[in-house]
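J.: This structure is in structure tokens; I'll ask about it shortly.
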Amino acid sequence: MCDKLNTMKIKCCDAYITYFYSFKNFYIQRKNDQQAIQDITTSLQLLENEDSMSVSMKPGDLVAAKYENDGLWYRAKILNIEENAFMVQFIDYGNSELSSNLKILPEKIAYCRAMAYHCMLDDVDHEEYVISTVNDIYDIIFDFIGSIEVIVTFLSDEETYLVNMKWDDRCIKTLVNNIISYGITPKTYETLKEIDQPGAKMAVNLIYAQSINEFYVETEDSKEIQTKIECILENETVWEPLTEYKIGKMAIAKSITDSRWYRVRLLMIHEEGECTCYFIDYGVQDKCSEFYEAVGYLKSAPPFIKLCSLHIPTMKKNEKLFECLSKSFYNEMEQCKNKKMTMTVVKTGEPIVVELFVDDFNVAKLIKPIPVIVFNVIHLNILTVQVNSPSRPSCNI
């Protein structure tokens, strides 16, 4: 129960986020520590009838402090001293508050290591900026992040720990960008997961590709869904005005660009009745006005194009490599638009993670980097390479 966390051994663990201020400042508890935390908390409640501390205390001292929200006692560290109170941090949770109700911490419990670990998420400058400037997005993420179990991978060995996090086998950054770029809240994400089945195979046509993680296809059902949606949008005369404007809200809205009606999710609420929206059936963003409730088929029908992400299981995190692969993917897709394509669903949700095949050839294998030996360099664009495999001959490039 009282061992010291050793990230050299614990590189990955199931965890809960106990206090979230931002992606660069949050605390986690390991799932395996939950029983120890419960035992400590139970033991501390026996202090209720003990005398309060009368000895002098200083910053850094460990004490038992009563948390005002629930009236229970927890382990805490004194951060600083004010006139009639102490600023303390609850070492098993990470949060801090002003308290005047402190007691001596039993020696046995004092020796147990702190169960909350201060962390920051890797490579989140963009996401950090967005949640710090858009309160509604912060609120969505705050509520979501505190209600889930995550898988944490430690990238450093000292606090503040640099980490990666996954939920539902997806990087937390992906889920955050779902909210920012597509208006896909956690609740909407769960609904979208029900549209397809893992392992399902379908013939598709490529609409357009932005990157490995964002390309759009239409299926054999797309035309039928599109026709029905457009018919309703063009012929419906009675609409119910939208009463709740919040990020991720689905609605029917008029595009400011072409004055046509579309199914959208709200991304940003502006003044004068305008919102930046994500067009569910077209994969683009634009400003809209005149918002109405999406009901019936307009609410329940799936997008008639699918937002996809290519499944590349062996690709390690490398920004430059990702950019190169995305460029290769984009170029290949531009040349293959009119070819026969099929895809297999690897993971449902949105973006849907798929294996994509062009003329039965796996696209991930087509763009996969391969190790080569470079020699006989004449010019930057004239050199000889040999695939690092005994079965492949050298070739001039």
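The values are calculated or read from the model by the stated rules, or taken from the named source; none is laboratory data. Owing to the predicted nature of the structure, the values given are computational and were not obtained by experimental measurement. Cβ sites come from the backbone with ideal geometry, for glycine too, and all protein chains shown count toward neighbours. Heads up: the accessible areas ignore ligands, DNA and RNA and are worked out on the full protein's heavy atoms, side chains in. Shrake-Rupley method; radii C 1.70, N 1.55, O 1.52, S 1.80 Å.
J.: How big is the shadow of the Cα convex hull of the chain, averaged over all directions, in nm²? Don't skip to the answer; put the middle values down first.
T.: Details: hull surface 112.9 nm².
Orientation-averaged projected area of the Cα hull: 28.2 nm².
J.: Still on this structure: If you filter the stretch 140-187 for GluC sites (Glu not before Pro), then keep DSSP loop positions with at most 16 other Cβ within 10 Å, what is left? Intermediate values should be presented prior to the final figure.
T.: Numbers: sites: Glu149, Glu158, Glu159; in loops: Glu158, Glu159.
Those satisfying the criteria are Glu158, Glu159.
J.: Where in the stretch 160-269 are there trypsin sites (Lys or Arg not before Pro) that are in a DSSP coil and have at most 13 other Cβ atoms within 10 angstrom of their Cβ? All intermediate terms of the calculation are to be shown ahead of the outcome.
T.: On the way: sites: Lys166, Arg170, Lys173, Lys187, Lys193, Lys201, Lys223, Lys228, Lys246, Lys249, Lys254, Arg260, Arg263, Arg265; in loops: Lys193, Lys246, Lys249, Arg260.
Answer in residue order: Lys246, Arg260.
J.: Note down the magnitude of the dipole of the stretch 250-365 about its Cα centre, charges +1 on Lys and Arg C-beta and -1 on Asp and Glu C-beta and zero elsewhere, to the nearest 20 debye.
T.: Working: 16 positive and 16 negative charges, 98 e Å.
Around 480 debye, computed over the stretch 250-365.
J.: Related question: Need one number: % antiparallel among DSSP beta bridges in the chain, to the nearest 5.
T.: Of all bridge pairs located within the chain, approximately 95 percent are antiparallel.
J.: Any idea what angle helix 34-44 forms with the longest principal axis of the chain, computed on alpha-carbon atoms, 0 to 90 degrees, nearest 10?
T.: Computed tilt is about 20 degrees.
J.: Only helical DSSP H runs with n ≥ 4 go in: add -39500 (n - 2.57) per run for the chain, normalise by residue count and round the 222 nm mean residue ellipticity to 500 deg cm²/dmol. Provide the component values of the computation, followed by the final result.
T.: On the way: 10 runs with 88 residues, N = 397.
Calculated at 222 nm, the ellipticity per residue is -6000 deg cm²/dmol.
J.: Quote to one decimal, in nm, the extra length available between Arg113 and Ser100 on full extension: 0.36 nm per residue of separation minus the C-alpha distance between them. Please list the in-between numbers first.
T.: Working: separation 13, 0.36 × 13 = 4.68 nm, distance 2.39 nm.
Between Arg113 and Ser100, full extension yields 2.3 nm more.
J.: Counting only DSSP beta bridges with both residues in the stretch 106-179, tell me the antiparallel percent, nearest 5. Write down the numbers at each step before the final one.
T.: Values: 6 of 9 bridges.
Around 65 percent of the beta bridges assigned by DSSP in the stretch 106-179 are antiparallel ones.
J.: Relative to the longest principal axis of the C-alpha atoms of the chain, give the angle of the C-alpha long axis of helix 319-335, reported between 0 and 90° and rounded to the nearest 10°.
T.: Once rounded, one gets 20 degrees.
J.: Further question on the same structure: Once amide H atoms are built 1.01 Å from N in the peptide plane, which residues 5 or more positions from Asp61, or in another chain, come under 5 Å H to H?
T.: Ile78
J.: Here's a follow-up. Using 0.36 nm per residue of separation minus the Cα-Cα distance, give me the extension gain between Glu159 and Ala85 in nm, one decimal.
T.: My answer for the length gained is 23.9 nm.
J.: For the stretch 1-134, build the charge dipole from Cβ charges (+1 Lys, Arg; -1 Asp, Glu) around the Cα centre, then report which of Phe26, Ala114, Asn49 sits farthest towards its positive end.
T.: Positive-most Cα among the choices belongs to Ala114.
J.: Among DSSP bridges having both ends in the stretch 111-251, what percentage is antiparallel? Round to the nearest 5. Kindly include the intermediate steps, with their values, before the conclusion.
T.: Values: 12 of 15 bridges.
Beta bridges within the stretch 111-251, antiparallel portion: roughly 80 percent.
J.: Within the chain, what's the longest run with no chymotrypsin sites (Phe, Trp or Tyr not before Pro) in a DSSP loop and at most 13 other beta-carbon atoms within 10 Å? Give the range, please. Intermediate values should be presented prior to the final figure.
T.: Values: sites that count: Tyr111, Tyr245.
Longest gap between qualifying sites, sites excluded: 246-397.
J.: Here is a further query. Rg to Rh ratio, the stretch 1-135, alpha-carbon atoms and Kirkwood radius? Write down the numbers at each step before the final one.
T.: Details: Rg = 16.3 Å, Rh = 16.2 Å.
Taking Rg over the Kirkwood Rh, I get 1.01.
J.: Based on Cβ point charges of +1 for Lys and Arg and -1 for Asp and Glu, what charge dipole magnitude is obtained for the chain about its Cα centre, in debye rounded to the nearest 20?
T.: On the way: 41 positive and 58 negative charges, 347 e Å.
With only Lys, Arg, Asp and Glu charged at Cβ, the dipole is about 1660 debye.
J.: Now for a different question. For the Cα atoms of the chain, what angle does the longest principal axis make with the long axis of helix 135-145, in degrees from 0 to 90, nearest 10?
T.: 70
J.: Any idea of Ser100's accessible area? Nearest 10 Å², probe 1.4 Å.
T.: Roll a 1.4 Å probe over it and Ser100 shows about 90 Å².
J.: Got a sec? Charge dipole of the stretch 90-205, +1 on Cβ for Lys and Arg, -1 for Asp and Glu; which of Tyr161, Thr188, Val124 is way out at the positive end?
T.: Thr188
J.: If the label point is 7 Å along Cα→Cβ of Glu334, which residues in the stretch 261-285 have backbone nitrogen under 15 Å from it?
T.: What the label zone holds, given the 15 Å backbone N cut-off, is no residue at all.
J.: Taking θ = phi - 60°, what integer Hz values does the Karplus form 6.51 cos²θ - 1.76 cosθ + 1.60 yield along the stretch 72-89, in sequence order, with x for Gly and Pro?
T.: 9, 9, 9, 6, 8, 10, 6, 8, 7, 10, 10, 4, 10, 7, 10, 7, 10, 10
J.: Can I ask one more? Report the paramagnetic label zone for His270: residues of the stretch 122-139 whose backbone N is under 19 Å from a point 7 Å from Cα along the Cα-to-Cβ axis.
T.: It comes to 133-137, nothing else.
J.: When only DSSP loop residues count, what GluC sites (Glu not before Pro) in the stretch 42-76 have their Cβ near at most 14 other Cβ atoms within 10 Å? Walk me through the numbers on the way to the answer.
T.: Details: sites: Glu48, Glu50, Glu68; in loops: Glu50, Glu68.
The qualifying sites are Glu50, Glu68.
J.: Given Cβ point charges of +1 (Lys, Arg) and -1 (Asp, Glu) and nothing else, what value in debye, to the nearest 20, does the dipole of the stretch 172-261 about its Cα centre take? Provide the component values of the computation, followed by the final result.
T.: On the way: 10 positive and 14 negative charges, 80 e Å.
Using only the charged Cβ atoms, the result is roughly 380 debye.
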